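A short worksheet on the structure shown next.
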Amino acid sequence: MRHALLVSVALFIAPLTDLSAQELTIERVKDGLYVIFGSGGNVGVRVTTEGVILVDDKYPQNFEEIQRLVGTVSNLPVRYVLNTHHHGDHSGGNAQYLPLAEVIAHRNARDNMVRASQEGQPRIVFTDQTSVYLGGVEVRAYHMGTGHTNGDAVIYFPDLRTVHGGDLLHGTAPFIDYANGGSSKGWVTTANNILALPFDTAIPGHGAVMDRDDVAAFRNQMEAVRARMTQLVASGMPAGQAAERIRAPELSWTMAAEGLFMQRSIPGLYQEIAAEIGR
Ligand SMILES: [Zn+2]
């Protein structure tokens, strides 16, 4: 009975509640740098004396709330938006920002948006690295290799020793987007490239703010998951058993309740490793 009651309440509330428009919160990371949590990817907010630089812009329906929260930490307008990659929970606000600001992404991220007919395609792209200079502050964007996709940007705030890694860093478990050029092997190299930067604080695409040790642990788990899958594939395990057999308590991603890693990344990881070792 209790269960039935919950269901009927949920049905009653559902039409009034839009989960993707859930309340957002803004928190200070360092002086001049904030992060907006909730609904979609974490948004970096770099405040300068000449305007605001955003890293990612969540979903289209979050635009007004992002603008309101930016207004609580700066009186100046958003002048630039840097996209960490093309996924709609990170670039969904682009179409509404393009009349107000310059939106910048890696060339491959823009290509992925074009292929998916996404709105809000950036007018400016980069390949290896670019920088925005505003109000005496530099915000640098690097493409450090493949990983989550083939068009990931790592955003670096040199004066604050902080990075925004987009979905190259994830608080729960990563998604390897093979359909858009993602790669676990590339991800290890890219994570090492991030670790080569002088930083002490990292904003992930989803989840709580990290430190250097958290980023190293993320890299280590990517290596450990790859090693375990390599062992399983080499033993002759069929692809259909990969999701079950790779589970291990010491690999938190394989135990994550969300299941995103297991359902969305494991089949492709099997294929990637099988190709690597020629099985
Ligand atoms: Zn993503």
Choice from Asn180, Asn94, Asn220 with maximal GNM fluctuation in the chain (Cα, 10 Å cutoff): Asn220
Over the range 168-223: Rg over Rh, Cα atoms, Kirkwood Rh: 0.94
Dipole magnitude of the chain, debye to nearest 20 (Cβ charges: Lys/Arg +1, Asp/Glu -1, about Cα centre): 500
All Cα pairs of the range 213-265, percent lying beyond 19 Å: 26
Helical mean residue ellipticity (222 nm; -39500 (n - 2.57) per DSSP H run of 4+; nearest 500) of the chain: -9500 deg cm²/dmol
Radius of gyration and maximum dimension Dmax of the range 34-130, Cα, Å: 12.4, 37
Glu250 versus Asp200: modelled label distance in nm, points set 7 Å from Cα along the beta carbon direction: 3.2
Cα pair distances of the range 122-279 binned at 10 Å [whole percent]: 11, 39, 32, 14, 4, 0
Relative packing of peptides 35-44, 188-197 - highest average C-beta neighbours within 10 Å first: 35-44, 188-197
Cβ-Cβ FRET estimate between Arg28 and Gln231, R0 fixed at 35 Å, reported to 0.05: 0.20
Total formal charge among the other residues, if their Cβ is under 15 angstrom from that of Gly240, Lys/Arg +1 and Asp/Glu -1: +2
P(r) weight above 12 Å for the range 97-146, C-alpha pairs, percent: 66
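I need the peptides 59-65, 24-30, 162-168 ranked by packing, meaning the mean over residues of other C-beta atoms within 10 angstrom, with the highest value on top.
Peptide ranking by packing, descending: 162-168, 59-65, 24-30.
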Gain on full stretching of the segment that runs from Arg123 to Glu102 - 0.36 nm per residue minus C-alpha separation: 6.8 nm
Extreme residue, positive dipole direction of the chain, given options His86, Thr162, Val103 (C-beta unit charges): His86
Convex hull volume per residue for the chain, taking Cα atoms only, in Å³: 151
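Bear in mind that the values in this text are calculations on the coordinates, not laboratory data. None of the values given here were measured: they were computed from a predicted structure. When we count neighbours, we look across all protein chains shown, and the Cβ atoms used for this are built from the backbone with ideal geometry, even at glycine.
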